[in-house]
Amino acid sequence: MTKRAILSYFLLFISVTVGLSFTVWVSWEGEDWYRTVAKAYAETAQVRVEIVPIPALDQKLQVGMKTPDTLPDLCLIKSDYFPLVASSALPVDSGRLLGYAGRFAEIGIQTYTSGGALRAVPFYADTQVLFLQTAVFEKHQIPLPESDWTVDDLEALMTRLHACGVTPIGWGFNSPYIFQGLQEGFGQSFMPDGTIRVKTEENQGVLRRLRSWVVNGWFKDYPQRPGLIKDFSAGKVAMIPQGSYLIPNFDEMEVPYTAVPLPHPWKSVIDTKAWVVFKNEVLVYPFLSFLFDRMEELCAAHMKQSLIEGIPSTERYSEVFEKSLKNSLVQPSTIAYSEGYWTAMKACLELYLRGEGELQPLLSTAQAYIDQFQ
Amino acid sequence: MIFFFPFLLLTAGMTLFPAAFSAIAGRTRIRFDLFWELFRDGSFRISAQVSSLYAIFTTLSVFFCGTTAAYLLYRLPRFFRKAGFILLFVIWALPSFVSLPVFRAMLLNTVENPIASGLQAFLSVLTGRLWVDLPIMTLIALALFEDLSPSYDESMRLEGAGTIDRFFSLFFQIARKSLVGYLCISFLDQMRDVTLPMMLTEGRPLLIAGFTPYGIAGATTTLGFFLKNNLVDFTSGDSWTFLWSQNALVTATLLASFWFMNRLFRRPEKTFWLWFGLEVLWGLFLGSLVFLPALFFTDWKRKEHTYACAGIAAGASLILGHLSPFTVILWVFLLYHFFPFRKVFDRLLFFFNTALIALWISVSVIALGFLVWLSFSGYEYLPPFPTIGKALENLSWDNYAYLFDSGFLVNLKNSLWLGLGSGALGVLIFSMAAYAALKKPKYYTFAKGLISITLVMAGMNTFVPLVQTLEALHGLNRFLPIVFAVLNQSAPIAFMTAYFAFRQTDRTYTELGQIDGASRWQLFWKILLPLSIPTVSVVFLYIFIKGWSSFIAPLLLISSPEKYPVSLRLYDWAGDPGLHHTRWGIFAAGAILTVAVMAVCSIPLPALVRKRWSSG
């Protein structure tokens, strides 16, 4: 009797095995939307699509690249993951994307071309903007900045906010995601040939300026984003530079806010996403076409900028996004950027902005670290 | 030999073979100049220093607090003792991928920025380690105290010794003598800890001396976390030479630390020159100058000489600006042997530990309540502590419903396979090895040697060559390497438990079996194993829990989401501190379900097996 119970116990668990026929790895926002579309596609095309959300996609891809058999059929990536997957990705066969061939934005094509072929299907982009906590501005009767403002105007605004007892601006000290917009706005570190040079006069100027913001009490460090969102919602910090993907979250949390373009010459980082096809092209392309047909919903719900011409992006904040795109920076898609620059600058920024080291040696070490990858 | 062979294959195969194979597999070139460069590199030295300090503070604080907690429990009335025991067991049973994110959430709600300074970050990880490790130390010490005859305590009480005096004179001394081996193992384990710095502080805040072209180390970067970070960052092209060299360096450091610690605790009078040589080497030969005064204090039979050398080592650390693991080990030895010190200090320490225990109880109760509440809430970003009025608002079963819709059952099944596979294979391998060791003492000696290698080697420093080897052999993304990794880590306790259980069985039965002409296999399978079922079921349970809770091995070796155990799934929702899109409510629901399933599988299992075999 006991043996039968144990055997039944085993068989019950063995039976809980899901059969997968077509796998799609997704990340970031829109998981529910992907599932809805996958379900609708399954009903229409009688092909089952397994949507698998992967929060820390870069780490999974690093392990997955060692075992190509385990890669999904289709995977949503961002530009800095592209060097990791480019060699395993199948070249894009635009002809199979019914009605969408030739409609991809130039930014997307340039970012995802490798070895002379387009290797990922451009999908959407997130734009960096500056979020303002409007309740704080109203309370202290400070007018909101104009859309064509400058970094000098930003410093004047921070002075006023600081005098009112509010933390003017906040983000993670060690965030290259935010820093690179300033870096490329005031100078150039990402060279046209793909190399990266961080030890430049302009970078030193930018870093000294950021350090002065810290010393003045204008710029607060938030090591993790949840803490930043919490304080912004509560009105403890007046401005945060972040991606447009946060807009639905702020709406849901009923935070009083508005979004403005980053002050000139601070560039807005365009964070593009694209679909990489690893296998099963015959099944994947019709699904992608089906997805693109409904993409407008995703863009509207999650404030995305479509990289496919003719598919409207969200109307909300369209002027802000337009202005941001005019002063924008597309993240490089090289190994030196994703593995070298990102790690080295995280350390350099954290140490310098916390006042723990001298600028020249830190930038020299960062450059030496990056040089191992280029 | 055939009974011992699987055990030999497992321990040697999981520790020595990957190191050798990865060196000769063609992707790695041995470069002695690189070794020297890496040995001098700031990121490595910072990690070694942080590891040593982390190890000494965590090991000693857990030991002192745990023995105090055990003593207090021992003296409590039965009802409170049972309640305390249940709380300890529940916290101990929480896997690290559940307990640490919860602790981090509580920390972020309490302290504005846990990594605002190096000291604050270091204290955060120390507190986390104390919270996680206190239960097992308390339970072990309590078992020792309960074995003691009450007459000893009673006679001391009648002689006028107070509560605290009796603790330090009797109970603490018993714990100290019985747990010296456990303390040494714990010290080495903390030096290569990965999970806690990874989940709480990500090794931050960074230190200027730890930022080099070869790595990045901060105030909470242990050697294990340092290796894990570099394994993730440097996994392309020619980096394998660098990774292998760095890994070999860390392994050499751990081996040297183990060798020194072993000699120091066994034969301190013959350890001076070993210590001196290691310090001079660590000091990059400049250390020979500042350590010269130590040559006047070579007779470590005399404690004044040992004290003097510890003082010289402390001074040298200040002058040279670095701390070696060997100096820290010397301080551990001195604290172990010459404590307690004075009555006033003892009393202060006792009350301080009691306060820490009270804090531990509060944190544990709040953490469990917070986890349960969170599983019914809809929080994605950092959840605040609810006020009493708001705690019952907007609660729902949505998170649990999402778990079933998102295929969490598959992850539970994967964890179950890992646990059951590890448990079944482990019982077979370790029982067979224990049987072989029982029959021939030379196998027991050999087994102890292999276990020592496993104790020192099994950790993050084993994973780097293991990943290289598996990649070359196309063995990544499979469950079997994870099972072997779990078995390798379980080997010391599992083998010794099985061996001592077999040794205590009545030999009459095996002798009778031999007379009846039973083969060795029949003696093992039909006589010895059934007689030892209660202990063997405990070994099975121990390995099952280790397999179920495995986290680092799947994190590094599994890439297919359909093969994720629950640990990786939960990590993806809120375990990773670097996540930008957390889902705390779903994490909590998954955590509750994980612990419930583990409890259902593990609690009735030994009773079921014992009932079956005792009736059969």
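Some notes on this structure:
- With respect to the conditions (1) surrounded by 17 or more Cβ atoms within 10 Å (Cβ to Cβ); (2) within 13 Å of chain B (Cβ to nearest Cβ); (3) assigned to a helix (DSSP H, G or I), A:V37 lacks only one, and its number is (2).
- Members of the stretch B:97-145 found to be within 20 Å of B:F57 (Cβ to Cβ) and part of a loop (DSSP other than H, G, I, E, B), listed by number: B:V111, B:P114, B:I115, B:A116, B:S117
- Consider the stretch B:112-121 and keep the residues that are in contact (Cβ under 8 Å) with a residue 12 or more places away in the chain and within 19 Å of B:D576 (Cα to Cα). The one that is nearest to the other protein chains (Cβ to nearest Cβ) is B:I115.
- Among residues of the stretch A:302-327, those that are assigned to a helix (DSSP H, G or I), among the hydroxyl-bearing types (S, T, Y) and crowded, with 19+ Cβ neighbours inside 10 Å, counted: 1
- Residues that are on the phi < 0 side of the Ramachandran plot, within 14 Å of chain A (Cβ to nearest Cβ) and small (G, A, S) within the stretch B:181-214 comprise B:A209, B:G210, listed in sequence order.
- Considering residues of the stretch B:223-239 that are more than 19 Å from A:K346 (Cβ to Cβ) and either away from every other protein chain (no Cβ under 13 Å) or buried (at least 24 other Cβ atoms within 10 Å of the Cβ) (or both) only, the residue modelled with the highest pLDDT: B:L223
- If the condition is being within 11 Å of chain B (Cβ to nearest Cβ), part of a loop (DSSP other than H, G, I, E, B), in contact (Cβ under 8 Å) with a residue 40 or more places away in the chain and not charged (D, E, K, R), then the stretch A:328-373 contributes only A:G355.
- Within the stretch B:497-514, not a single residue is within 14 Å of chain A (Cβ to nearest Cβ), closer than 30 Å to B:K439 by Cα and in contact with a Leu (Cβ under 8 Å, 6 or more places away or on another chain).
- Members of the stretch A:49-70 that are more than 22 Å from the chain's Cα centre (by Cα), more than 8 Å from chain B (Cβ to nearest Cβ) and surrounded by 16 or more Cβ atoms within 10 Å (Cβ to Cβ): A:V49, A:E50
- Residue under evaluation B:N461, criteria (1) under 29 Å from B:W417 (Cα atoms); (2) at pLDDT 80 or above; (3) part of a helix (DSSP H, G or I), criterion not met: (2)
- Test: residue in the stretch A:195-208 that is in a loop (DSSP other than H, G, I, E, B), within 14 Å of chain B (Cβ to nearest Cβ) and within 17 Å of B:T582 (Cα to Cα): no
- Some residue of the stretch B:392-404 being in a helix (DSSP H, G or I) and acidic (D, E): yes
- Of all the listed residues (A:L76, A:L132), the sole one being touching a residue at least 40 places away in the same chain (Cβ under 8 Å), in a strand (DSSP E or B), in contact with a Pro (Cβ under 9 Å, 6 or more places away or on another chain) and within 21 Å of A:V269 (Cβ to Cβ) is A:L132.
- Hey, A:A101 of a type in the set (G, A, S), farther than 30 Å from A:I240 by Cβ and modelled with pLDDT of 90 or more or not: no
- Some residue of the stretch A:277-300 being within 30 Å of A:M65 (Cα to Cα), assigned to a helix (DSSP H, G or I) and among the β-branched types (V, I, T): yes
- Residues that are closer than 16 Å to B:I361 by Cα and modelled with pLDDT under 85, drawn from the stretch B:93-136: B:A93
- Given (1) of a type in the set (F, W, Y); (2) crowded, with 24+ Cβ neighbours inside 10 Å; (3) in contact with an Asp or Glu (Cβ under 9 Å, 6 or more places away or on another chain), number of the condition B:Y74 does not satisfy: (2)
- Verdict on A:D148 being assigned to a strand (DSSP E or B) and within 25 Å of the chain's Cα centre (by Cα): no
- Residue count for the stretch B:332-342, restricted to those that are at pLDDT 85 or above and over 21 Å from the mean Cα position of the chain (by Cα): 1.
- B:F544, sole failed condition from (1) assigned to a helix (DSSP H, G or I); (2) modelled with pLDDT under 85; (3) in contact with a helix residue (DSSP H, G or I) (Cβ under 6 Å, 6 or more places away or on another chain): (2)
- Hits in the stretch A:94-127 (condition: out of contact with any Gly (no Cβ under 6 Å at 6 or more places or on another chain), surrounded by 17 or more Cβ atoms within 10 Å (Cβ to Cβ) and either among the charged types (D, E, K, R) or in a strand (DSSP E or B) (or both)): A:F104, A:T113, A:S114, A:L118, A:R119, A:V121, A:F123, A:Y124, A:A125, A:T127
The values are calculated or read from the model by the stated rules, or taken from the named source; none is laboratory data. Predicted model only: the values in this text are computed from it and were never measured. Note that each Cβ is placed from the backbone with ideal geometry, even for glycine, and that neighbours are counted across all protein chains shown.
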